[in-house]
Every structure is written in C-alpha cells, then in structure tokens.
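Here the structure is laid out as structure tokens; the discussion comes afterwards.
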C-alpha cells in the first residue's frame with residue numbers, strides 16, 4: 001500500500017536528488033475540482049509531484065504533464081490529452097498499432113500522465129479501485145510497442161534518476177510558477193531554433209519523387225505547368241523546394257489518407273496561402289509561450305504545405321537559404337502547438353512516400369495512414 005505520507009517522503013527525496021528542494025507550486029491546483037470533472041481520484045504521488053516540481057524534464061527523458069499544460073485552465077486535465085486519446089482510438093479503429101489495454105474512459109483503460117522528451121507517452125493502467133496501486137505503461141507515438149512497469153510514478157522516477165550510469169540525477173526546469181525562466185525569456189525561439197536545423201537531405205528529392213509517381217501513378221493527361229512559381233515565390237518572399245513544385249505541377253492539391261496537401265491558390269482548405277495565414281493566426285491567439293513555433297515570414301519560420309482533418313499542420317522549418325536542405329515537421333493542432341516533431345533530412349516527397357506507405361521508420365514520431373493513394377482536390 002502507498003499512503004500519502006510515504007509518497008510525500010519519496011517525492012522529497014527525488015527533489016533533493018535533482019536539486020528541487022522546496023515545492024514550487026504548492027496549492028496551485030484545485031484537485032477537488034479537477035477530480036470532480038474527471039469522475040475519479042488521481043494518484044496521490046502524481047498530485048504531490050505536480051505541486052513540487054516546475055515544468056521540466058527528468059533525466060532528459062520524462063516530462064510530467066500537469067493540469068493546465070500547456071495552455072489550458074489549471075482545472076483542466078483531459079484537455080491536454082484528449083487529442084492523444086482520440087488519436088489512439090482512431091489508430092485502433094483503423095487497424096493500426098497494438099492495443100493490449102483498453103483506452104480511457106473504457107474500464108481499466110490507459111490514461112496518459114506524461115510524455116517522453118523525444119517521443120512517446122506514459123500512462124496509468126487504471127485497473128483496480130485504488131489509484132495509488134495503478135501500474136504504469138509506456139508506448140511509442142504509434143502505439144506499436146508497449147512496456148508495462150510497476151507504479152507509482154515517483155518510484156519510477158527515482159529508479160530513472162538513480163539508475164542512469166551515464167549522468168548524475170538531473171531535472172531541467174524550463175518554467176516556474178507559470179512564468180518563463182530568464183534563460184527562455186532571453187532566447188525565446190530556443191527550442192524551435194534547435195528543432196529546425198537544416199539538412200543535408202538523406203535521400204535525393206528527385207529519387208523520392210520518382211517513387212511517389214510510381215506509387216500514385218501518373219495523372220491522366222499531361223501536366224499543365226500552369227503554376228506561376230516565380231509569382232508564388234515572390235509573394236512568399238523565398239524559394240520553395242523543387243520536389244514540392246514538381247509534385248504540384250504534376251498532381252495539384254489533394255489528399256493522401258487524412259492529409260491534405262495544399263497548393264498556392266488551391267480551393268478552400270487546399271490553398272497554401274490561406275493555410276499559412278491560418279497557422280500564423282492560430283499561434284498568435286495562444287497564450288505567450290517560448291515553446292511555440294515561429295511561422296513564416298518570421299526568420300526561420302514554419303512554411304506550411306499540409307494539414308490533417310484533425311488540424312495537425314505539416315510544413316518546412318525554413319532553416320537556411322537553400323530550400324533543398326529543408327526537412328519536414330508537423331505541429332499539433334491548437335491549443336497544443338508547442339508540441340512539434342521534426343524529421344531532419346527528410347524532403348517533402350520522401351515524407352509523402354513514407355506517409356502513404358506507412359512502413360517507414362521516418363514516421364517514428366508521426367502518424368501513418370497506410371493508404372497509398374492520392375485523391376485530387378475537388
């Protein structure tokens with residue numbers, strides 16, 4: 001049995017090990033209201049951890065996510081994870097991934113409590129009436145591999161920080177008391193700058209384009225070549241990757257699975273310019289957060305080319321002057337736009353090929369459709 005007193009002692013020990021001696025957010029959360037909205041009691045160690053530590057990463061590996069993160073009311077827990085659970089249900093319904101456990105709110109389901117710094121999610125396995133006795137699990141983003149481990153979270157974190165032979169116990173805080181640390185205020189785009197590093201591209205874009213054409217088949221008739229790329233690039237203020245331009249000249253805008261590929265001047269949601277404007281507005285309407293992406297035409301900003309039906313945005317982090325070196329990335333839908341994944345060295349067409357076939361390690365941090373077909377817009 002894990003009583004509150006022994007759990008509190010373990011959290012205190014964890015804090016001493018990683019240099020967070022005093023609770024940073026004691027009394028910040030209205031647990032009664034949070035648990036009332038959920039309909040169940042959260043594990044005691046989770047609540048103590050949430051009040052002791054600021055936002056940050058344990059051992060550069062695990063990030064505890066608290067009510068209100070990253071841009072929700074402090075009484076909201078599921079708001080952060082609702083999109084994760086929806087994605088899981090969608091993968092399961094589509095026959096993708098592996099699901100050894102039910103998904104919350106199904107009885108005995110998994111409910112996320114944290115995420116891996118690189119990728120993946122940590123969950124409670126909600127079996128049994130005593131939340132303090134729940135086991136834990138970890139899965140990759142695609143829910144293909146799972147690992148179960150005993151709880152509670154504080155025991156797992158103590159094992160993590162004391163069992164790492166490569167480095168001393170560590171906790172890297174990037175926010176305290178709801179405010180940005182001085183280091184992040186001084187360098188607000190720090191994370192985006194690291195994420196958007198330029199190429200080189202792993203596979204020549206021309207080769208990837210040939211493979212895409214072989215997969216989708218050539219469109220009926222000859223390409224019109226009607227797009228005035230000089231005018232498009234003048235309007236954007238910079239050149240676009242050649243493989244994207246060649247693809248649009250051949251196929252135009254359309255969909256692959258749930259991914260809409262936009263083109264300059266496309267109809268409705270298929271217009272690249274409108275998509276870019278929408279992304280810029282979405283970021284500007286979120287609470288100030290140094291982890292949010294920078295959007296073009298800001299220097300090094302995200303230049304969008306696609307979007308899923310669920311609102312996840314795809315684009316190029318425009319690192320460097322040569323678009324041939326740009327990789328791809330995806331940014332989660334609002335209000336979670338401070339979560340993004342970069343695929344360095346992966347061109348537009350290489351990503352599209354991996355997305356369509358669904359069998360590539362390129363998408364270790366992204367969704368897959370397994371639907372190798374292109375449907376023109378309209």
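Just so you know, all these numbers are worked out from the coordinates, no wet-lab data involved. Keep in mind that what you see is a predicted model, and the values were worked out from it rather than measured. Ideal geometry is used to build each Cβ from the backbone, glycine not excepted, and the neighbour counts take in all protein chains shown.
Label separation (residue 207 vs residue 8): 6.2 nm, computed from points 7 Å beyond Cα along the C-beta direction.
Among 117, 20, the order by Cβ neighbours within 10 angstrom, fewest to most, reads 117, 20. Applying the Kirkwood pairwise sum to the alpha-carbon positions of region 1-119 produces a hydrodynamic radius of 15.8 angstrom.
Work out the P(r) tail for region 64-125: percent of alpha carbon pairs separated by more than 14 Å, whole number. Tail of P(r) above 14 Å: 59 percent of Cα pairs.
Give the relative contact order (percent, whole number) for region 1-151; include only Cα pairs under 8 Å separated by 6+ residues. Each step should come with its number before you reach the end.
Numbers: 227 pairs, mean separation 27.0, N = 151.
Reported relative contact order: 18 percent.
Can you sort 213, 143, 329 by how many other beta carbons sit within 10 Å, fewest first?
On the way: 213 17, 143 21, 329 24.
Going from sparsest to densest Cβ surroundings: 213, 143, 329.
Counting every other Cβ atom within 10 Å of each residue's Cβ, 125, 281, 248 order from fewest to most as 281, 125, 248.
Tell me, in nm to one decimal, what length is gained between residue 147 and residue 234 on full extension, where the rule is 0.36 nm per residue of separation less the Cα-Cα distance? Walk me through the numbers before you get to the answer.
Details: separation 87, 0.36 × 87 = 31.32 nm, distance 5.04 nm.
Length gained between residue 147 and residue 234: 26.3 nm.
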